[in-house]
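Have a look at the structure below before the remarks.
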Amino acid sequence: MESISFGRYSRDKANAVIFAVCCLWVLLLLISPGCGREKVRIGILNHAVMAEGSITGFKDGMAGAGYKEPQNIEYFYQGVVSISELEKAARELLNQKVDLILTLTMPATVAAQKVVKDGRTPIVFAPNSDPVGAGLVASLERPGGNTTGVSFWLQEGKRLEWLLKVQPDIQRVWVPYMVWDKSPRVALDKLKQTAKELGLFIVEHPLLTREELLNSPQAVDQSMDAIFLPADALVCSNAQIFVKRADELGLPVSAPNLYGVKKGALIGYGFTQYQCGRQGARLAAMILEGEDPGELPVEMSEIFLMINLTKARELKISLPKHIVKQADIVVR
């Protein structure tokens, strides 16, 4: 058998190449975001199933910024907790000495701010509907304090317009909302203003407890022409119970996000949780790299028109082709 041997020069040259490659690899690790430092600890606070899509987007965004499990980032998430348990869950996250808290709803952000009284632990929300109106930040441009995140334009008025375009004969629109959640309360004024301009009548259905929420669809009767779910995390997390009642009565449902459309709403105009999570990750990565959260402007989420063609067929609603073509997301 023929053997191949290398002289001293060849061996030295080979070793030099290997050494150079190793040095380059180490250098790339050191300059990559999130690498070459202690493991980052992220706490997640949430009270609504619907909001969990943000977590996937956030983790994907953080991985893209160089923070990957389990190498250099660790997440602490208890799952969905009740409103009454949010502050307790926030304190438990602080006990874990997290470097940042991600909040997925307005009530979660309010609870986190109450618990993080010293302002040392940064908070990123993804999303919140009106962080300025709720007193969570001083302004969108300069939030101040330890909190920033992702918000979305008040889209209730425009969404009501879209609902009327796909169902021109509606007159009475039923709107359930949790009275203690600032998000839907902020949007109701805009919704009622648009309804007045369009000649529609808004039937408000305020809710106080989860039990009231679960029983509320039975309040919808044949006098209603549509169900309109506001940007209310708990209401939207239970979109399926409103869709079920709407199906019984042959009514369309409008949702503020993709979650509701996937659960059977006919039309949606709003954000996707996944995209909000990715945007929140970009802000979180900047904060972990040393940026002041109070100086990072609140970002606005992208808004999508969403159509559920399967539901349209079930309700025997013929959607104009130009509206379907305008949709950014179509559920078939």
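Residues in the stretch 189-206 that are polar (S, T, N, Q) and either under 20 Å from residue 245 (Cβ atoms) or surrounded by 16 or more Cβ atoms within 10 Å (Cβ to Cβ) (or both): 194 alone.
Only residues that are within 19 Å of residue 275 (Cα to Cα) and modelled with pLDDT of 95 or more were counted in the stretch 84-107, giving 4.
Checking each residue in the stretch 86-109 for being in a strand (DSSP E or B) and among the aliphatic types (A, V, I, L, M) picks out 100, 101, 102. Among the residues making up the stretch 189-212, those that are among the β-branched types (Val, Ile, Thr) and assigned to a strand (DSSP E or B) are 202, 203. Does at least one position in the stretch 128-148 carry a residue that is within 18 Å of the chain's Cα centre (by Cα) and assigned to a helix (DSSP H, G or I)? Within the stretch 128-148, none of the residues are within 18 Å of the chain's Cα centre (by Cα) and assigned to a helix (DSSP H, G or I). Across the stretch 220-242, the qualifying residues are those that are in a helix (DSSP H, G or I) and in contact (Cβ under 8 Å) with a residue 40 or more places away in the chain, and the one among them that is surrounded by the fewest Cβ atoms within 10 Å (Cβ to Cβ) is 237. Here the stretch 111-137 is the region considered, the condition is being at pLDDT 95 or above and out of contact with any helix residue (DSSP H, G or I) (no Cβ under 8 Å at 6 or more places or on another chain), and the residue that is least open to solvent (accessible area, probe 1.4 Å) is 137. Pairs are defined by a Cβ separation below 7 Å, a sequence spacing of at least 6 or placement on different chains, a first member in the stretch 101-126 that is charged (D, E, K, R), and a second member that is surrounded by fewer than 24 Cβ atoms within 10 Å (Cβ to Cβ); the pairs so defined are 114/87. Taking the criterion of being in contact with a strand residue (DSSP E or B) (Cβ under 8 Å, 6 or more places away or on another chain), on the phi < 0 side of the Ramachandran plot and open to solvent by 20 Å² or more (accessible area, probe 1.4 Å), the residues of the stretch 95-107 that qualify are 96, 99.
Residues that are without any contact (Cβ under 8 Å) to a residue 40 or more places away in the chain and open to solvent by 10 Å² or more (accessible area, probe 1.4 Å) were ranked within the stretch 139-166; the one that is farthest from residue 327 (Cα to Cα) is 139.
One line per residue, one yes/no per condition, for (1) open to solvent by 30 Å² or more (accessible area, probe 1.4 Å); (2) in contact (Cβ under 8 Å) with a residue 12 or more places away in the chain; (3) assigned to a loop (DSSP other than H, G, I, E, B):
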position: 278; (1), (2), (3): yes, yes, no
position: 283; (1), (2), (3): no, yes, no
position: 287; (1), (2), (3): no, yes, no
position: 294; (1), (2), (3): no, yes, no
position: 297; (1), (2), (3): yes, yes, yes
position: 307; (1), (2), (3): no, yes, no
position: 313; (1), (2), (3): yes, no, no
position: 318; (1), (2), (3): yes, no, yes
position: 330; (1), (2), (3): yes, yes, no
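Mind checking which residues of the stretch 50-85 are in a helix (DSSP H, G or I) and surrounded by fewer than 16 Cβ atoms within 10 Å (Cβ to Cβ)? Matches in the stretch 50-85: 56, 60, 63, 64, 84, 85. The number of residues in the stretch 257-292 being within 12 Å of residue 229 (Cβ to Cβ) and within 11 Å of the chain's Cα centre (by Cα) comes to 3.
Only one of these conditions is not met by residue 164: (1) out of contact with any His (no Cβ under 6 Å at 6 or more places or on another chain); (2) in a strand (DSSP E or B). Which number is it? Result: residue 164 fails condition (2) only.
Exactly one residue among 186, 173 is outside any loop (DSSP other than H, G, I, E, B) and open to solvent by less than 10 Å² (accessible area, probe 1.4 Å), and that residue is 173.
The values are calculated or read from the model by the stated rules, or taken from the named source; none is laboratory data. Predicted, not measured: the structure shown is a model, and the values here were computed from it. We place every Cβ from the backbone using ideal geometry, glycine too, and count neighbours over all the protein chains shown. For accessibility, only protein heavy atoms count, side chains too; no ligands or nucleic acids. Shrake-Rupley method; radii C 1.70, N 1.55, O 1.52, S 1.80 Å.
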